[in-house]
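Working notes for the structure below.
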Amino acid sequence: MSTHPFGMFISRVQGNFKKKAVKRIRLNLSLESGNVWGTPIKTYIPNDKNIRNIIRDVPWHQAQYLFDEDTLSAKSYELQIDGIIKGFRGNIEIKLHKEHELNVGLRLFMLTKGKFPGSIFTGDEFIEFFHKNIGGGDDPFDRGVFGYNKALIKYTDRNGNELKIHNGDFFIGGFETSYYFYPESMINKSRNLHFNFGFHAGTNVSKYNSSIDLGITGNGIKTYSFNDKSNFQIGLSLGMLRKNAVSLRRNNIEFGTNNFIANLESAIEYNFISKKGTIHSFGANFYVQSSFNKIDERSYMIPIRHPEAHNSWGHGVTNLYEYNDYWSFLYSFTKKNTLTIYLQQDFTVSNNPDIQTGISYSFQL
């Protein structure tokens, strides 16, 4: 997840819905803005299997009342999330051969308070106005209790390693390299089917996680042509990432207990060419990713509610044990270069940005 509080520090593999390698070197630049939130919460993972079995029969939000924190033998981690994550990405696409392409990218991030006008749709006030007047109710996640327009991401993993990001903190998340193979032998011209395969290596360089991630993706694109000026495309992508396949420093922060992260992405897009030769594209993408933490652990974890939190107080932790998913709605405008804007929404509130907006610009060199 590109602007997930954990996703900033690891690589991300995603669908490549192109039919063939680029003809010329192409540069892509993007800016994204996502609102993240979760009340301060501490979670214990009991060491004793007997205690774990007791907790399995108790609703997660009541487990804290069964044990004394001072005497419980357990590992623990703490998480607090608040702010607007700004993501900056640059990516260059290079044709190696007719069937081969190399992509090299850089990802950077900054945490802000998200005050107007820097963050219009992703600011706290707009989101809570939407909740109160359209859907969600009055302060459903206790943002108002802890105060609007603040910025702090604080995380202590179960090994005691600590992360703190404050307002204005700017850092390089990492570098990403991808090789794509577009086999002509797999093209089905009669059915307008194209396939490509990606092999990915991401080098994370932040002080919180210096490591190399390895991944693989398989992508398919089906095109329905209405005439020579309009078509409809469907894409499907499957991917797998081995997180921290190679550690480059000791005491890296543990961003989840799952070493392997799988993802599935589907996309639909309608394209038409105007009388002036401009290509207009309207699309929707659905992305789902496996959980950061091992799912079984949720059945015996003991989250501790912050005294001031009451509404959805545990979602910052419970959703680390659930699949992450979101919808993206896009519009792009292509003449010689391509400008794309998008709105991304986490409808299941699975700890991705509550709402994310983005803009990208792509051009040939």
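The values are calculated or read from the model by the stated rules, or taken from the named source; none is laboratory data. Computed from a predicted model, the values in this text were never measured in an experiment. A quick note on method: Cβ atoms are made from the backbone with ideal geometry, for glycine too, and the neighbour counts reach across all protein chains shown.
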Which residues, counting only those in segment 7-59, are closer than 30 Å to THR71 by Cα and in contact with a Gly (Cβ under 8 Å, 6 or more places away or on another chain)? GLY38, THR39, ILE41
On the given criteria, is TYR148 surrounded by 15 or more Cβ atoms within 10 Å (Cβ to Cβ), in contact (Cβ under 8 Å) with a residue 24 or more places away in the chain, in contact with an Asp or Glu (Cβ under 6 Å, 6 or more places away or on another chain) and not in a helix (DSSP H, G or I)? yes
Scanning segment 185-208 for residues that are small (Gly, Ala, Ser) and over 26 Å from the mean Cα position of the chain (by Cα), the one nearest to GLN14 (Cα to Cα) turns out to be SER185
Right, ILE41: in contact (Cβ under 8 Å) with a residue 60 or more places away in the chain, in a helix (DSSP H, G or I) and either surrounded by 12 or more Cβ atoms within 10 Å (Cβ to Cβ) or under 24 Å from the mean Cα position of the chain (by Cα) (or both) or not? no
Being in a loop (DSSP other than H, G, I, E, B) and either crowded, with 16+ Cβ neighbours inside 10 Å or small (Gly, Ala, Ser) (or both) is the filter here, so list the residues in segment 214-249 that pass it. none
Of the residues in segment 199-222, those that are over 27 Å from PHE171 (Cα atoms) and either in contact (Cβ under 8 Å) with a residue 60 or more places away in the chain or small (Gly, Ala, Ser) (or both) come to THR217, GLY218, ASN219, GLY220, ILE221
Quick check, is LEU108 in contact with a Ser or Thr (Cβ under 8 Å, 6 or more places away or on another chain) and either closer than 30 Å to PHE199 by Cα or polar (S, T, N, Q) (or both)? no
Taking SER76, is it modelled with pLDDT under 95 and among the small types (Gly, Ala, Ser)? no
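Conditions tested, residue by residue: (1) surrounded by 21 or more Cβ atoms within 10 Å (Cβ to Cβ); (2) part of a loop (DSSP other than H, G, I, E, B); (3) at pLDDT 95 or above.
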position: GLY135; (1), (2), (3): no, yes, no
position: LYS154; (1), (2), (3): no, no, yes
position: GLY174; (1), (2), (3): yes, no, yes
position: SER178; (1), (2), (3): yes, no, yes
position: ALA201; (1), (2), (3): no, no, yes
Name the single residue that is surrounded by the fewest Cβ atoms within 10 Å (Cβ to Cβ) among those in segment 118-133 being under 16 Å from THR39 (Cβ atoms) and in contact (Cβ under 8 Å) with a residue 40 or more places away in the chain. ILE127
For segment 83-97 the number of residues that are in contact (Cβ under 8 Å) with a residue 60 or more places away in the chain and surrounded by fewer than 19 Cβ atoms within 10 Å (Cβ to Cβ) is 7
Go through segment 63-93 and count every residue that is part of a strand (DSSP E or B) and more than 18 Å from SER30 (Cα to Cα). 10
Here's a check for you: in segment 283-299, which residue that is crowded, with 21+ Cβ neighbours inside 10 Å and of a type in the set (Phe, Trp, Tyr) is farthest from THR43 (Cα to Cα)? TYR287
Considering each of PHE286, PHE260 in turn, give the residue that is modelled with pLDDT of 95 or more, under 29 Å from LEU339 (Cα atoms) and out of contact with any helix residue (DSSP H, G or I) (no Cβ under 8 Å at 6 or more places or on another chain). PHE286
Restricting attention to segment 98-114, does a residue exist that is within 30 Å of GLU128 (Cβ to Cβ), surrounded by fewer than 17 Cβ atoms within 10 Å (Cβ to Cβ), basic (Lys, Arg) and free of Cβ contacts under 8 Å to residues at least 60 places away in the same chain? no
Filter segment 139-184 down to residues that are aromatic (Phe, Trp, Tyr) and within 28 Å of ILE45 (Cα to Cα) and give me whichever is farthest from the chain's Cα centre (by Cα). PHE146
